[in-house]
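Data block below; observations after.
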Amino acid sequence: MDENITTIGDFLGFWFPGRDIDAEMKRFEAGIDQLQPAFNRVVARACEAAGRLEDMPPSPGYEPLLVEHGQHLVVARFFSYVWKGLAKEMADETRTQRSVADAIRFLAQPGRTKRAISRRAAVLLESKLVRIFDGVDVSVFEFVESLESVVRGDHTASQRVREIAAVLTPHLSVRRGRRVSAASSAHEMLLSLTSESYTWDDLIGDFSDPQTGATRLAFGDPDFDPRPAHRRRKERLRLKSS
């Protein structure tokens, strides 16, 4: 390579002869100058968010455990709040899953009264319906619009509601057995990071591992049992490997 190449512009000129490298470099620098204010705003907002997290009260349970595992305090606090929020949302969704399935199966049958159809439509409008449309060639938006029409008293939409409900019914599935609590859902998410098993202490007659202790503190449940979360994770890993 030419020994006279001492700058980035010289290097680009060597490999791309005939190009106005100086002009393109100036355009690039101008673009960087225009992006800089926007970048500064993003950084400032990120710093503000980090500051708000630091000012929030500590999240008992998960936050100190994550800090102990090497996470920064702000990151640990953020994930602690997010975990608990997601777990509670998942538990609420599980509780409403059966009522949603029952309402759709009810609407799929002919001969229902207008009042009964309107009542079930109202139940569905208060629920999250997007997931049940996975793999189904029907628009969730059309279903919601039809449900809203029925609730408003436009019962001409009842037929379309019944048709969509009939399509959805074969795809409905409700997990059998005991409902998963928010604490157990959060604990399962924690295990996906730590991959540690629970520990039973015969002397105290209780679980003594830090993960179980963290979930008990996070949800204020001194009797939390970690074994269902471990079983679900083990089954999930088995299905994934097979």
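Only the coordinates and a few stated rules stand behind these numbers; no lab work does. Just so it is clear, the model here is predicted, and its values are computed rather than measured. So basically every Cβ, Gly included, is an ideal-geometry build from the backbone, and we count neighbours across all protein chains shown.
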Considering only the other residues whose Cβ falls under 13 Å of the Cβ of residue 230, what net charge follows from Lys and Arg at +1 and Asp and Glu at -1? +2
Take residue 204, project a point 7 Å from its Cα along the Cβ direction, then tell me which residues of the range 212-234 have their backbone nitrogen under 15 Å from it. 212-218, 221-226
The simple spin-label model distance between residue 145 and residue 125, using points 7 Å out along Cα→Cβ, in nm, is 1.6 nm
Local electrostatic count, residue 107, Cβ distance below 9 Å [Lys/Arg +1, Asp/Glu -1]: +4
Multiply the residue separation of residue 88 and residue 114 by 0.36 nm, subtract the distance between their alpha-carbon atoms, and state the gained length in nm to one decimal. 5.9 nm
Of the range 82-120, those with amide N under 19 Å from the point 7 Å along the Cα→Cβ vector of residue 156 are 114-115, 118
May I ask you to order 137-144, 183-190, 227-234 by the average number of other C-beta atoms within 10 Å around their residues, highest value first? 183-190, 227-234, 137-144
If I model the range 92-242 as equal point scatterers sitting on the Cα atoms and use the Debye formula, what is log10 I(q)/I(0) at q = 0.20 Å⁻¹? -1.11
Checked against a 24 Å limit on the C-alpha separation, the offending pairs among 128/234; 88/234; 84/128 are 128/234
Over the range 74-171: Kirkwood hydrodynamic radius from C-alpha pairwise inverse distances, Å: 14.5 Å
If packing is taken as the mean number of other Cβ atoms within 10 Å per residue, what is the order of 62-70, 93-101, highest first? 62-70, 93-101
Which whole-Hz ³J(HN,Hα) couplings does the range 100-106 yield from phi under the Karplus relation 6.51 cos²θ - 1.76 cosθ + 1.60, θ = phi - 60°, glycine and proline marked x? 5, 4, 5, 5, 5, 4, 5
If amide hydrogens are placed 1.01 Å from N in the peptide plane, which non-local residues have theirs closer than 5 Å to the one on residue 207? 201
